[in-house]
1. Count, please, the residues in region 79-126 that happen to be assigned to a loop (DSSP other than H, G, I, E, B) and in contact with a strand residue (DSSP E or B) (Cβ under 6 Å, 6 or more places away or on another chain).
2. Determine whether region 329-345 contains at least one residue that is exposed (fewer than 12 other Cβ atoms within 10 Å of the Cβ), part of a helix (DSSP H, G or I) and either in the same structural domain as residue 83 (by TED's automatic domain parsing) or touching a helix residue (DSSP H, G or I) at 6+ places or on another chain (Cβ under 6 Å) (or both).
3. Restricting region 295-325 to residues that are touching a strand residue (DSSP E or B) at 6+ places or on another chain (Cβ under 8 Å) and assigned to a loop (DSSP other than H, G, I, E, B), which is surrounded by the most Cβ atoms within 10 Å (Cβ to Cβ)?
4. Considering only region 283-294, I want to know if a residue exists there that is over 22 Å from the mean Cα position of the chain (by Cα), in contact (Cβ under 8 Å) with a residue 12 or more places away in the chain and either under 20 Å from residue 84 (Cβ atoms) or in a loop (DSSP other than H, G, I, E, B) (or both).
5. Could you tell me which of the residues 243, 250 is under 23 Å from the mean Cα position of the chain (by Cα), closer than 17 Å to residue 201 by Cα, in the same structural domain as residue 221 (by TED's automatic domain parsing) and surrounded by fewer than 12 Cβ atoms within 10 Å (Cβ to Cβ)?
6. In the set 277, 238, 258, which member is in contact with a strand residue (DSSP E or B) (Cβ under 6 Å, 6 or more places away or on another chain) and either assigned by TED's automatic domain parsing to the domain that holds residue 347 or within 30 Å of residue 312 (Cβ to Cβ) (or both)?
């Protein structure tokens, strides 16, 4: 390989770029059933890196491409990335991402609606809570922290049409506490919308805190994050294959029904290198590297020995373009899905908007 060091740097960049929505552990996020005691706090993460900072203008429409119509089209808008929201996008709802819960159970980082450009869509405040231990702490029934958090959430939602709870680290044993927490929010929000973002499922799981059937009566919408079929440390594969997404959608429709279901689609890809050179080393391991790669130049930085070596990396990438996104949207539409949502605005190929249409509210049957 002519430029092995460049390939290594590129592989590391792609690896970091695509750390979206999925944990670095060895579990499958879509079907995980473990409990919080065995997990590392804050494993799951959102994709904060930019694939493209500011989307270019719409591309000319492809006359042969199918156009998918939905009654609701949702997307996430990340604070400090508001320039991604441009006039003319076929969007009904925007999840403003995000406020979060700090180590003391207090709400922080509430995005200001004033920072987003005027846009004819419903804006929902999205709130996250990272880590199994922290989520267990704030969900404890009867606690001062929970009462104050519910009050803070209902107050923060006043500037928005609704509130979305995106707690991705709810311990299995806290399912009842999570649902009673949602019930309290439902009472406190009055006529405002309450939605949740849930991990994908293809079947009913025992003691699942994200039990679709049990949560459905408590909320107005359930957004199913049908992505991260493969994740950062899994074997390489699609973020959301059509076959897997069909199974997720069929199960969600059977339990939730089309009225409250939003099927989530990814605007990102992932890259895997066939090796990962990052690791801790004992002294014998350092000697092995020096011998294997015939390192001759060993320097010192402030007294600490250091050297460099080059190794070629083969990188495999899976991503979505307008064709794969269109195929997934058409598959959802054919199954009876009435609402879709995207993670996240600004990461997409602009051509996808030529293949999507928002139905009028009266035609779609969605009035709230």
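The values are calculated or read from the model by the stated rules, or taken from the named source; none is laboratory data. Not measured: the values here are computed from a predicted model. All Cβ positions, even for glycine, are placed from backbone atoms using ideal geometry, and neighbour counts span all protein chains on display.
1. 9
2. yes
3. 320
4. The answer is yes; a qualifying residue exists.
5. From the options 243, 250, the qualifying one is 243.
6. 238
Each row is one residue, and each column tells you yes or no for (1) touching a residue at least 40 places away in the same chain (Cβ under 8 Å); (2) surrounded by fewer than 16 Cβ atoms within 10 Å (Cβ to Cβ); (3) in contact with a strand residue (DSSP E or B) (Cβ under 9 Å, 6 or more places away or on another chain).
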{"position": "146", "(1), (2), (3)": "yes, no, no"}
{"position": "153", "(1), (2), (3)": "yes, no, yes"}
{"position": "162", "(1), (2), (3)": "yes, no, yes"}
{"position": "165", "(1), (2), (3)": "no, no, yes"}
{"position": "204", "(1), (2), (3)": "yes, yes, no"}
